[in-house]
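The values are calculated or read from the model by the stated rules, or taken from the named source; none is laboratory data. Values in this document were obtained by computation on a predicted structure and should not be read as measured data. All Cβ positions, glycine included, derive from the backbone under ideal geometry; neighbour counts span all protein chains shown. Just so you know, the surface numbers come from the protein's heavy atoms only, side chains and all, with ligands and any DNA or RNA stripped out. Shrake-Rupley method; radii C 1.70, N 1.55, O 1.52, S 1.80 Å.
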Amino acid sequence: MADTPTIGQASAVILDRGYRSYHGPRTGRRGAMAAVVKEGYRRVLGLRRKAKRKIFPWTLIALALGSAAVLVAIEWVSSTLPISLDTSDLFPRYAGYFDFISNIALLFAAFTGPQLLVPDRTQGVLNVYFSRPLGVRDYLVAKGATFAAVILSFWLVPQLILHLGYAALSPAGFLSYLGETTDILWKVPAAALVYFTMHGSLAFLVASFVKRVGAAAAGFVAVLLGLNLVALLLQETGLAPGARWTALLAMEQHPRFVRDWIFDLDASITIPAQAGFDPEASLMVVIGCAVISVLLVGRRYRRLT
């Protein structure tokens, strides 16, 4: 007696889709982290994506690099004039240029942090990443490395162009100018690292809890500038108990205070300085903010897995 076919058995079809097992090299944990970094670069810079994805990041990049080129061009024009013209007071040098470039880097940090973290959660990519030999710590380190490389470039590359341009146009000669300004080689990276530590930690912290890229970017700017405004109001009115300590809420002011300390500038206009704090206190706030953000972001992603 023939077997009675079950329901759906007669219509079952086996199709050969051509799937093949992978026989290539197994890169392991390092390869998985490299893949995360590579994908992060593509997403942030809009590589292999539609043109509209490239407009905002590359506009900021062009603005950062173009501003340095303009300052060098102004220096070159002034050097060709028949009369001696000192432009150091008219146009920003290294420390002053840091203010301008920091505003651009702030916008790019607000864009980059959410772009690196939010889509992976909302599109279910985390399950794919963690199915490989990749842990939460490895994933976050890879994302942080991508963020650091992109954001630090906003400070270091334009400043390098500015430095080499001024050296090439210096009346004392290229090598003489470089020898006289060796302090720039550590001051600019040190100040950039402080800015990145504050902006990067807050950007990642906000992006790890907000589900939309635009909302996360707006939330980061609101937290950074909103706390600055709250600290200023409490400092001016003195209504809150211990009003002096509320100056430490001015997150946007702490990197600026430390930068002025590094470049030996007058920092009396910053909110922490007006409250009587030293730049070392602002540096400790920056470090503390980074530590807290790392702990909270790590805890958040461990729960997601």
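Between residue 34 and residue 131, how high is the FRET efficiency from 1/(1 + (r/R0)^6) when r is the Cβ-Cβ distance and R₀ = 22 Å? Nearest 0.05. Each step should come with its number before you reach the end.
Numbers: r = 17 Å, r/R0 = 0.76.
Efficiency for this residue pair is about 0.85.
Could you compute the longest span of the chain free of trypsin sites (Lys or Arg not before Pro) located in DSSP loops and having at most 11 other Cβ atoms within 10 Å, not counting the site residues? Walk me through the numbers on the way to the answer.
Details: sites that count: 17, 20, 26, 48, 49, 50, 211.
The longest uninterrupted stretch comes out as 51-210.
By how many degrees, between 0 and 90 and to the nearest 10, does the Cα long axis of helix 184-207 differ from the longest principal axis of the chain? With both axes taken from Cα atoms, the answer is about 40 degrees.
Rounded to a whole number, what % of the accessible area of the chain do carbon and sulfur atoms account for, probe 1.4 Å? Write out the running numbers ahead of the final one.
Numbers: 11120 of 17210 Å².
Whole-percent figure for carbon plus sulfur exposure: 65.
Could you tell me how many degrees, from 0 to 90 and to the nearest 10, lie between the Cα long axis of helix 28-45 and the main elongation axis, the longest principal axis, of the Cα atoms of the chain? Once rounded, one gets 60 degrees. The alpha-carbon of residue 52 sits under 29 angstrom from the alpha-carbons of these lysines, leaving out residues fewer than 8 places away in its chain: 38, 143, 211. The residues of the chain present an accessible area of 56 Å² per residue when probed at 1.4 Å with all protein chains retained.
The chain: longest stretch without exposed chymotrypsin sites (Phe, Trp or Tyr not before Pro) (DSSP loop, at most 11 other Cβ within 10 Å), sites themselves excluded? Write down the numbers at each step before the final one.
Numbers: sites that count: 19, 22.
Here the longest run is 23-305.
Figure legend: label point modelled 7 angstrom from the Cα of residue 76 along Cα→Cβ; residues of region 38-69 with amide N under 19 Å from it are 62-69. If I fit a long axis through the Cα atoms of helix 213-237 and take the longest principal axis of the Cα atoms of the chain, what angle between them do I get, 0 to 90°, rounded to 10? Roughly 40 degrees between the two axes.
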